[in-house]
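The values are calculated or read from the model by the stated rules, or taken from the named source; none is laboratory data. Owing to the predicted nature of the structure, the values given are computational and were not obtained by experimental measurement. Positions of Cβ are backbone-derived with ideal geometry, glycine not excepted, and every protein chain shown enters the neighbour counts.
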């Protein structure tokens, strides 16, 4: 049986801050600082807000159950499937459910669980207010005494994504998207309507959040003994630069040879389609070189590592060619099996590599490794931070080494630069400061493609 964790001073402060916000808070501590435990300790200190509904991504349900059982006296049922039980029975502390099935369980929860508090883990999952899961969360939280939302990256691209979370927590302060967007999203009226992808007045927004609902601490502030995180961009040569240039110079002609049906669909959205194809092509053409680089690293070091890919083509290449015992966590791996693979990676000294897709960027503690390698880039800046902090968290004793393997002379160079720039937007809202970057990564890439091929060779 694992020993119960004792709250660190900053975690005690976090629980008290949530209480000062009268249980309606955004717990936005940087990843790795123990937000799950702070929420559970807050709940344990405040029995009057029982029962609790904990809403989380599916792969984290059993982790919440285990953390509650190990570190508190709280016990929760886990909701599975779309159909609630015909004969209601649930533990007094509440229920843990994933966002995807909340819509079907909502009437059961309202009638039989009768929650007084709701915890929303990885709350950026409800950034789109029009999504079915977002609507279900709004209904769940209506007339609830306490709503605690958690995420180290509550917005992953632009301030507009944050409104729905703030509205759920404090509808009195953030009643409408329209007023929020005109104040903080630098709206622009275009031919097809309003564009709210920009940002402005960020210091004002940061102050508002810190004053009324946000608990936010950085690892550098509260864990002064936590080792550094060091990022490096590694240029990777692609195997066929001529093919890549054909795809950039005359995209539709190249695509007709490769995929005639896709070419027909692409005529009406050529630049939009081209961005996706160029990124997949860059990934394909650097597979061999990326695997070689990783194998060389494994030979020169005895460390464990996380290796992230985006497309299945890259994931499968890594599985086949990496010269070390490894496990994979992607969308094909079930929730229980994911935890088994995490335990194997952390506990088995011979399992040196965990290969992960976007399915592995949140909620996993992988401090047995001190190296993260990105073989491909994700669209959202916050996703990279989430993935990096699988290792850069409480329990890490070594410097965290982060490597971005970027296909040289391709659109990946520019994407890497843009992602680093957009990361400033996240930091401004959550940690203070002002920046001027306004466009989304995707929109900016498309705009630049309209002016000619993107083949930047600059290194970030």
Practice task
Can you work out which of the residues in segment 208-239 that are outside any strand (DSSP E or B) and surrounded by fewer than 12 Cβ atoms within 10 Å (Cβ to Cβ) is modelled with the highest pLDDT?
Solution key: 211
Exercise for the section: Kindly check whether there is at least one residue in segment 143-160 that is over 23 Å from the mean Cα position of the chain (by Cα), on the phi < 0 side of the Ramachandran plot and surrounded by fewer than 21 Cβ atoms within 10 Å (Cβ to Cβ). Expected result: yes
Handout entry: Index of the failed condition, residue 319 passing every other in (1) touching a strand residue (DSSP E or B) at 6+ places or on another chain (Cβ under 8 Å); (2) farther than 21 Å from residue 401 by Cα; (3) modelled with pLDDT under 90
Key = (3)
Practice task
Kindly indicate the residue of segment 1-21 that is in a loop (DSSP other than H, G, I, E, B) and touching a residue at least 12 places away in the same chain (Cβ under 8 Å) and also surrounded by the fewest Cβ atoms within 10 Å (Cβ to Cβ) among those meeting that condition.
Solution key: 1
Exercise for the section: Could you identify the single residue in 91, 43, 82 that is part of a loop (DSSP other than H, G, I, E, B) and in contact with a strand residue (DSSP E or B) (Cβ under 9 Å, 6 or more places away or on another chain)? Expected result: 91
Exercise for the section: For segment 318-326, state whether one or more residues are under 30 Å from residue 410 (Cβ atoms), in a helix (DSSP H, G or I) and in contact with a helix residue (DSSP H, G or I) (Cβ under 7 Å, 6 or more places away or on another chain). Expected result: yes
Exercise for the section: Select, from 37, 60, the only residue that is touching a helix residue (DSSP H, G or I) at 6+ places or on another chain (Cβ under 9 Å), over 24 Å from residue 134 (Cα atoms), in the same structural domain as residue 121 (by TED's automatic domain parsing) and in a helix (DSSP H, G or I). Expected result: 37
Handout entry: Residue that is nearest to residue 385 (Cα to Cα) [pool: residues in segment 70-126 that are in contact with a helix residue (DSSP H, G or I) (Cβ under 6 Å, 6 or more places away or on another chain) and exposed (fewer than 14 other Cβ atoms within 10 Å of the Cβ)]
Key = 82
Practice task
Consider residue 310 carefully, then state whether it is crowded, with 17+ Cβ neighbours inside 10 Å, assigned by TED's automatic domain parsing to the domain that holds residue 237 and closer than 24 Å to residue 239 by Cα.
Solution key: yes
